[in-house]
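Reviewing the structure listed below.
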Amino acid sequence: MDKKPKTSPEPADFAHVRDWVFDLDNTLYPHHVDLFSQIDKNMTAYVQQLLQLERDEARALQKSYYHEHGTTLQGLMLHHNIDPDDFLEKAHAIDYSALLPHPELGAAIKALPGRKFIFTNGSVPHAEAAARALGILDNFDDIFDIVAAGYLPKPAGATYDKFASLHRVDTKNAAMFEDLPRNLLVPRALGMKTVLLVPRNLDTVVMERWEKPTDEDDHIDYVTDDLAAFLTGLQAA
Ligand SMILES: [Mg+2]
């Protein structure tokens, strides 16, 4: 990497930002909360039942769709013509009790100047339930989900365009927070500040290869494992 991502926020880098865009899963709550693993299990079970596969086969197919198409859902729609709403409801039938109110995060988001959005490859009901459990739902102006995206997930460029035009986001004056490195490629190309959320103890966490940052990730401005601390640091001018 020519230029290593920074880890401590420099307020001057964000002084022009008027629209703050947050992914949901493993971004607004950290990887170690392990909420997404419940969704992941539900998606595997869905594939297993739909195609009458063994669990391991279903999981391998699910991961290949996730890798190739951005979401399991997109792969299932393209290859098996499933009903997306039924899938989203089943995938997000999870227990949110692992998410606890995070007043420090809420206060840090509230203090950011301008609008705040959740931009997720999940659904609005899921984003609302998660953000409500964290006690931060009221801090957001809107939620752009996979339904609003016409089921075409990040990292597809058309989906970022759709989000930006719907909400009249001037991407040169915006910042994006995400846990998947590839989902920050388009934001950076559009002129957004890019912040990658990584798990605590990144080196010891088991993740898919494409989920981890690499030395080639020149499109990432900042890396942090603590969103609340990062956003609070932006205010310490
Ligand atoms: Mg995510």
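For this structure, a couple of remarks:
- Cα-centred dipole magnitude for the range 35-91, charges only on beta-carbon of K, R (+1) and D, E (-1), debye, nearest 20: 180 debye
- Between the residues 123, 77, 136, the greatest Cα displacement towards the positive end of the dipole of the range 54-141, with unit charges on the Cβ of Lys, Arg, Asp and Glu, is found for 136.
- Cα shape, the range 99-172, gyration tensor, a/c 1.5 rule: oblate
- Phi-based couplings in Hz for the range 117-131 (Karplus 6.51, -1.76, 1.60; Gly and Pro marked x): 10, 9, 10, 10, 7, x, 9, 4, x, 5, 5, 5, 5, 5, 5
- Convex hull volume per residue for the chain, taking Cα atoms only, in Å³: 117 Å³
- Cα gyration tensor shape for the range 1-73, rounded if a/c is under 1.5, else prolate or oblate: prolate
- Across the range 35-91, the relative contact order, built from alpha-carbon pairs under 8 Å that are at least six residues apart, equals 31 percent.
- Trypsin sites (Lys or Arg not before Pro), loop per DSSP, at most 14 other Cβ atoms within 10 Å - longest free stretch of the chain: 19-167
- Exceedance of the 23 Å cut-off in Cα-Cα distance is limited, within the set 4/41; 116/193; 6/172; 63/116; 154/212, to 4/41; 63/116.
- Tensor-based shape of the range 120-237 (alpha-carbon gyration tensor, a/c under 1.5 rounded, otherwise prolate or oblate): rounded
- Seen from residue 83, the other residues with C-beta closer than 11 Å to its C-beta sum to a net charge of -2, counting Lys and Arg as +1 and Asp and Glu as -1.
- Sparse-neighbour loop sites [GluC sites (Glu not before Pro); the range 178-224; at most 15 other C-beta within 10 Å; DSSP]: 208, 216
- Qualifying GluC sites (Glu not before Pro) in the range 24-122, where qualification requires a DSSP coil assignment and no more than 12 other C-beta atoms within 10 Å, comprise 54.
- Length-normalised contact order of the chain in % [C-alpha pairs under 8 Å, at least 6 apart]: 30 percent
- Scanning residues 5 or more positions from residue 119 or on other chains, those with amide H under 5 Å from its amide H are 22, 23, 24, 144, with H placed 1.01 Å from N in the peptide plane.
- Exposure proxy ranking for 43, 176, based on other Cβ atoms within 10 angstrom of each Cβ and starting from the fewest, stands as 43, 176.
The numbers here are math on the coordinates, done by the rules we state, and not lab data. Fair warning: this is a prediction, and the values are worked out from it, not measured in the lab. For neighbour counting, all protein chains shown are included, and Cβ atoms are generated from backbone atoms with ideal geometry for every residue, glycine included.
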